[in-house]
Amino acid sequence: MTVVDISAELGLLALWLLTLNVLMGLLLSVRYNPLKRWPYRRINYFTVHNWTGYVALALVAGHVLLLPLSSTAGWVWKDALWPSSVPLQSGLNIVGAVSLYMILLVVVTSYVRRRIGRKAWKTVHWLSYAGAVLFFVHGAFVDQRLQGQSVNLLDPEKLSIVICFALVAWASWVRLRHELRKRAAGKSDDISHWDAPVPVDWAEG
C-alpha cells in the first residue's frame with residue numbers, strides 16, 4: 001500500500017464519519033431522544049456527534065499531510081495548505097481544501113461559542129453542512145489514486161460516497177419538512193446545538 005493509498009483511505013473514513021456527524025447533528029436539532037425512541041438506550045449522542053467531528057477533522061488533516069510525503073503524488077508542502085498548483089485536478093482539490101477550512105472553523109468556534117455569542121456561533125455552525133457538501137463533491141469526483149483517471153461512480157468507494165450524500169440529502173429534506181410543519185403549527189425547533197438539547201434523564205448515561 002502506497003502513501004497515496006493510505007491518504008485516500010483516510011479521506012474516505014473521514015467522509016463516512018462526517019456523514020454520521022451531520023446525521024447526528026440533524027437528530028440533535030429535533031431533540032431526538034434515543035431513550036424514548038429506538039434504540040431505547042441511554043446514548044449521549046451529543047458527545048458522539050462532537051467526537052465524530054474531531055476525528056473526521058484529524059483524518060482529513062492526515063489525508064492532506066501525507067501527500068507531500070509521496071514520491072509520486074507531485075505535491076509539495078504548500079499544496080497541503082492550498083493545492084492550486086498540484087499536477088492533477090487542482091480545482092477539485094481546492095474544493096476539498098475549502099471544505100477542510102470550513103469544518104476547521106466550525107470546530108474552533110465551537111470551543112469559544114459562548115464568547116462569540118449564540119447568533120454568531122449558529123451562523124458559523126451552518127458552514128458544517130456546506131463543508132460536508134463540498135467534501136462529498138471532492139470525494140466523489142477526484143481521482144483518489146492521483147493518476148488522472150476518469151471517475152467511475154459505481155466503484156465501491158465512490159458508490160459509498162454517493163450513498164452518504166444521498167443519506168444526508170434525504171435527512172436534510174426530512175428535517176426541513178419537519179421544521180416547516182412546526183412553523184405552520186405555530187411552533188419551531190431551535191436548530192442549534194447551543195446547549196446540547198438533550199433531556200437530562202439520559203444525557204448523563
Check: Put +1 on the Cβ of each Lys and Arg and -1 on the Cβ of each Asp and Glu in the chain; which of Asn152, Val112, Ile6 then has its Cα farthest toward the positive end of the dipole?
Finding: Val112
Next item on the list: Could you work out how far helix 156-184 tilts from the main Cα principal axis of the chain, as a 0 to 90 degree angle to the nearest 10?
Entry: 30 degrees
Check: Just one of [x] 13.2; [y] 12.6; [z] 10.9 is mean projected area of the Cα convex hull in nm² as worked out from the coordinates here. Which one is it?
Finding: [x]
Check: Longest segment of the chain with no trypsin sites (Lys or Arg not before Pro) in a DSSP loop having at most 12 other Cβ atoms within 10 Å?
Finding: 43-186
Notebook entry, point to check: About the Cα centre of the chain, what is the dipole size in debye to 20, counting +1 per Lys and Arg Cβ and -1 per Asp and Glu Cβ, all else neutral?
Noted result: 1140 debye
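Laboratory data are not the source of any read-out in this text; all were calculated from the coordinates shown. Bear in mind the structure is a predicted one, so any value in this text is a computation, not a measurement. Backbone-built Cβ (ideal geometry, glycine too); neighbour counts: all protein chains shown.
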